[in-house]
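Student: Take this structure first; my questions come after.
A short reminder: the numbers here are calculations on the coordinates, not readings from a lab. Fair warning: this is a prediction, and the values are worked out from it, not measured in the lab. Because the Cβ atoms are built from the backbone with ideal geometry, glycine has one as well, and the counts that use them run over all protein chains shown.
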């Protein structure tokens, strides 16, 4: 053992040797310290994250007003899947799902251009990433003015002589959802671009040089080299973007459309809020929240599988 | 000197990147332009005025809301940093029976969407944890613990990963003269992990400062954050665009400043999950 033995030094040394049983009493003091240091985060997560998710699962089988809960079995879920509004809401989530590949592809192309390091590329990079710092509330507020009937988009179309295609996007159900999706694509552009630039920085430049010497076009190198070598980063961006689309757009929808017109731009996460805090059917809303949780959990598990399969 | 075709290609790239800059920065230009016009000037599309700022101060308790935002954000960030550094130290360097299972369980917390737990959380905070002299609901502590619980799983993951990279020899050397675990944590681990702590703090600052849902539900109107105040003003009956844009600038400015200073940490945190 060490010359001057302190519980801390011995314990950590034992841990480094990879022998959890070594150290005996000293090891026990390290374990106690481990529990003590981990306790705050464990307590916080148990009370404010673990408990409510278990409660949400339980209350999704009840009729609940926040005070008294009556067990009704799977009624909420049966009602949910027969609820035409719920199916409408799922369709809106599908529109967001369809937006994800676009939200990946555009940043991928732009990152490819940025990676060529044309003059000013650092400025471009910072400018693209800037919206990441802006709240969805502010983004929604500008988005609202952009797509409004008398808004920026229509004024611009007028100005360039394309006034005949003017539309009031926020007043139609499908078009309002598309307006939300476009704003979403704009918002995640910077984040995804940064992910791809990071990815491209890890690529071997010699491969590109070799491809160029062989006479490969920029397009060929992009499709045959860049995309396959960035697969890991594309998967990461895909999952991150999808989870953002399904769980982070509450404020954007709240400000831009309020979920409307009708249920035109209500997504799962917004439906939880509406049913819970506007209609006040807590049990039913909890069931919707659990559906959302299952969807997000499934997406995350797919991601884990992808990562693990690569490690094997 | 150079292949002319390549020069043309690079010029074309430059043009494309400039177009993208216009698309990305245009909303900011719109915000600034609209914020410095009176309502009539905004409608007619020209002129300069500070009316909107005066109106904003009249219609919205901006100063109080900025203070609220600061308290809620600072409180949440401090709590997250405290629990995630201590937890990270425990999971990476100390360990205890079942610590890897507990660590995985905390990581699984990252997969829980806020909306899935928001109703029981609301009921707990407003009824169960709101009795006697201990009142969580409506004031800062309630919102702070909810934000901390939502932000800590990722922060703990980040800190644990970072601490795993610190060689154990370094700790041994520094405790040869009888340091306790607490001293190792304070004198060795914390100073060494300043970059990781900065990343955690910057990510969480932006997250909490920009959030609407938790603030909307867990804070009384008198202690609303600026983000919540703006969203409520937007959905109200009278909507004055220049005022809203002035408010937007005010609410966005702190996050933009943090972003500009700590861009590198933000990017490091973002790409953490994939670049290793």
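Student: How compact is region A:54-183 by the rule of thumb for globular proteins, expressed as Cα Rg over 2.2 N^0.38 Å?
Tutor: For region A:54-183, the normalised Cα radius of gyration is 1.55.
Student: How well do other chains shield peptide B:78-84, expressed as the mean number of their Cβ atoms within 10 Å of each residue Cβ?
Tutor: If you average over the peptide's residues, the count of other-chain Cβ atoms is 3.
Student: Quick check on the protein assembly as shown: take the gyration tensor over C-alpha atoms, sort the square-rooted eigenvalues as a ≥ b ≥ c, and tell me if it's rounded (a/c under 1.5), prolate or oblate.
Tutor: Oblate, since a/c reaches 1.5 and b/c is not below a/b.
Student: Further, regarding this structure: Would you give the gap between the C-alpha center of region B:157-214 and the C-alpha center of region A:24-86, rounded to a whole Å?
Tutor: 28 Å
Student: Oh, and also: Mind pulling the angle between the C-alpha long axis of helix B:194-209 and the longest principal axis of chain B? Nearest 10 degrees, somewhere in 0 to 90.
Tutor: For B:194-209 against chain B, the angle is about 40 degrees.
Student: Peptides B:91-104, A:219-232, A:287-300, B:195-208: what's the order by average Cβ count within 10 Å, highest mean first?
Tutor: Peptide ranking by packing, descending: B:195-208, A:287-300, B:91-104, A:219-232.
Student: Pick from A:198, A:167, A:156 the residue whose mean-square fluctuation is largest in a GNM of chain A, springs joining Cα atoms under 10 Å.
Tutor: Its mean-square fluctuation being the largest, the pick is A:156.
Student: Given a Förster radius of 51 Å and the C-beta distance between residue A:117 and residue B:170 as r, what FRET efficiency does 1/(1 + (r/R0)^6) yield to the nearest 0.05? Mind dumping the intermediate values first?
Tutor: On the way: r = 37 Å, r/R0 = 0.74.
Efficiency computed from Cβ-Cβ geometry: 0.85.
Student: Relative to the longest principal Cα axis of chain B, at what angle does helix B:241-271 sit, 0 to 90 degrees, rounded to 10?
Tutor: The helix B:241-271 is inclined about 30 degrees to chain B.
Student: Can you give the calculated 222 nm mean residue ellipticity of the protein assembly as shown, where each DSSP H run of n ≥ 4 adds -39,500 (n - 2.57) and the sum is split over every residue, rounded to the nearest 500 deg cm²/dmol?
Tutor: That calculation yields -22000 deg cm²/dmol at 222 nm.
Student: Per residue of A:138-149, what is the mean number of Cβ atoms on other protein chains within 10 angstrom of that residue's Cβ?
Tutor: The mean count of partner-chain Cβ atoms within 10 Å per residue comes to 5.
Student: Other chains near B:7-15: what is the mean number of their Cβ atoms within 10 Å of each residue's Cβ?
Tutor: Whole-number average of other-chain Cβ neighbours for B:7-15 is 3.
Student: By count of other Cβ within 10 Å, fewest leading, how are B:152, A:217 ordered?
Tutor: Numbers: B:152 30, A:217 10.
Neighbour counts put them in this order, fewest first: A:217, B:152.
Student: Which of rounded, prolate or oblate describes chain B when judged by the alpha-carbon gyration tensor and an a/c cut-off of 1.5?
Tutor: Numbers: a/c = 2.49, a/b = 1.29, b/c = 1.94.
Oblate.
Student: Going by average Cβ neighbours within 10 Å, how do the peptides A:40-46, B:187-193 rank, with the highest at the top?
Tutor: My ranking of the peptides, most packed first, is A:40-46, B:187-193.
Student: Based on the alpha-carbon gyration tensor of region B:50-155 and its eigenvalue square roots a ≥ b ≥ c, which shape applies: rounded if a/c is under 1.5, prolate if not and a/b is larger than b/c, or oblate?
Tutor: Prolate is the answer for region B:50-155, as a/c is 1.5 or above and a/b outweighs b/c.
Student: Same structure, new question: Using only Cα atoms, find the angle between the long axis of helix B:114-123 and the longest principal axis of chain B, and express it within 0 to 90 degrees, rounded to the nearest 10.
Tutor: Result, in degrees: 80.
Student: For chain A, divide the Cα radius of gyration by the Kirkwood radius and give the resulting Rg/Rh value with two decimals.
Tutor: So for chain A, dividing Rg by the Kirkwood Rh gives 1.09.
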